[in-house]
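Working notes, beginning with the structure itself.
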Amino acid sequence: MTDENDDAHSLSADEVHDRIWRGERVNLLDVRNRDEFEAWHITGDAVETVQVPYAEFVAAKARGGVTEFVADLGLREPVIAVCPRGEASATVADILRDEGIDARNLAEGMQGWARVYVSRELPTDSDGFDGATVLQYDRPATGCLSYLVVSDGEAVVVDPLRAFTDRYVADAAERGADLRWAIDTHVHADHLSGVRALAAETDAEAVLPVGATERGLTFDATLLEDGDEIRVGDAALTALHAPGHTTELTALRCGDLLFSGDALFADSFGRPDLERGDEGARDLAGTLYETLTERLLALPEDTLVAPGHRTPDADPNPDEGDSYAARIGPIGERLRIPDERDAFVERVLDSLPPRPANYEDIVAANLGRESLDDEDAFEIELGPNNCAVEAEGD
């Protein structure tokens, strides 16, 4: 059997991502079980996926019918086999090559895909961004977005992921900056926060909204209230309380740039039922309506929204450096928020997707109430984020 990490017969997750990003056709054969595939899989405009459980390949081989079985699949070549860790898919890739099919394996499988982390610089060359350099980090496996703001030898990271803390430190250093602050816009429910890890590894201060204490925050942090200011070099980040997704969520304004966390996305907004469950979802949906209509969408139309998430199928914005940022004006037009609060609330409650996997454990860890080692932390956040309300028309 070919080693799943053999360069001649495998592709890294970064290589697969680069092909998808360039718009190249990528033919995937996902050999996980159907429920695993439907919950979380690799997407892209030019991605074509055939899903066939590994057990069917094993059964075909056992009965001596591999040739006919593989022929019936009608696979387009070259094909990349995918499984959870790159082991079963390596075997399948071997089987396909034995049948004369151009097949390679996704090294480390979906776990490798979860480690892909790319950054792009936002086009902040106008006077509206306080002269700061801003990097947007994208985790394609989950759609989580984080940000590094660098100004005059200092840096702040917004909504950092624990799994990639070394990356923020290295990127700040590469730009001649010391990391001063690590800020969470809210208590995240879909990934492990990196604020404490960064505070422990550097001189950065952990920062959370003041309302996190009411949710049970157990570790020391600088607490942000509405209107508070965090200075980084020549730039200033001003706190803007934006409840609805959670009670404490606080966006950050940096000139004409808005780090919106999960309050507002390019094509949707944060769901209101994760903090208080079904019982509190209606009240928080009403609060979300007020936040959107009176605070966020009321900002100047050319405000650039840097959201905390993107959808798996989201297209990068060519007008904003191929990032997943967008202007307030077009966002408001896409969202079509109803004029009536009650109509908005009913729409939201009728559009809630399944809750993120393990979200209660993730929230507990992000509040400091539970401890997870690095391996458990990585495993617990695998899968898609489901923090957004489904966009109208989805």
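Laboratory data are not the source of any read-out in this text; all were calculated from the coordinates shown. A quick note: this is a predicted structure, and the numbers were derived from the prediction, not measured. Please note: Cβ atoms are built from the backbone with ideal geometry, for glycine as well, and neighbour counts cover all protein chains shown.
Key figures for this structure:
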item	result
The stretch 1-97 - charge dipole about Cα centre, Lys and Arg +1 at Cβ, Asp and Glu -1, debye rounded to 20	260 debye
Dipole of the chain [Lys/Arg +1, Asp/Glu -1 at C-beta], most positive-end residue of 263, 198, 89	89
Listed residue (377, 222, 161) projecting farthest to the positive dipole end of the chain, Cβ model	377
Most mobile listed residue (107, 298, 263) in the chain, GNM with C-alpha springs under 10 Å	298
Within a Gaussian network of the chain (alpha carbon springs, distance under 10 Å), most fluctuating of 132, 177, 71	71
Nearest-20 debye value, the stretch 138-296 charge dipole, Cβ charges on Lys, Arg, Asp, Glu	260 debye
Relative contact order computed over the chain (Cα-Cα under 8 Å; 6+ residues apart), in percent	13 percent
For the stretch 1-146, the spread of Cα positions along each principal axis, largest first, Å	69, 29, 25
Cα-based convex hull, the stretch 146-238, per residue volume (Å³, whole number)	82 Å³
Computed log₁₀ I(q)/I(0) - Debye formula, equal Cα scatterers, no solvent, the stretch 132-194, q 0.13, 0.15 Å⁻¹	-0.31, -0.41
Radius of gyration and Dmax over the Cα atoms of the stretch 288-340, both given in Å	11.7, 36
R0 of 45 Å, Cβ-Cβ distance residue 22-residue 369: FRET efficiency to nearest 0.05	0.55
Residue (of 31, 324, 367) at the positive-pole extreme of the chain, dipole from beta-carbon charges	31
Highest-MSF residue in the chain out of 249, 304, 11 [GNM, Cα springs under 10 Å]	11
Alpha-carbon Debye profile of the stretch 326-391, log10 I(q)/I(0) at 0.19 Å⁻¹	-0.84
Enclosed volume per residue, in Å³, of the convex hull spanned by Cα atoms of the stretch 189-338	136 Å³
Total charge dipole magnitude, the chain, about the Cα centre, Cβ charges on Lys, Arg, Asp, Glu only, Debye to nearest 20	420 debye
Convex hull volume per residue in cubic angstrom - Cα atoms of the stretch 201-283	124 Å³
Ellipsoid semi-axes in whole angstrom, largest first, where each is sqrt(5λ) of the Cα gyration tensor of the stretch 255-384	27, 21, 13
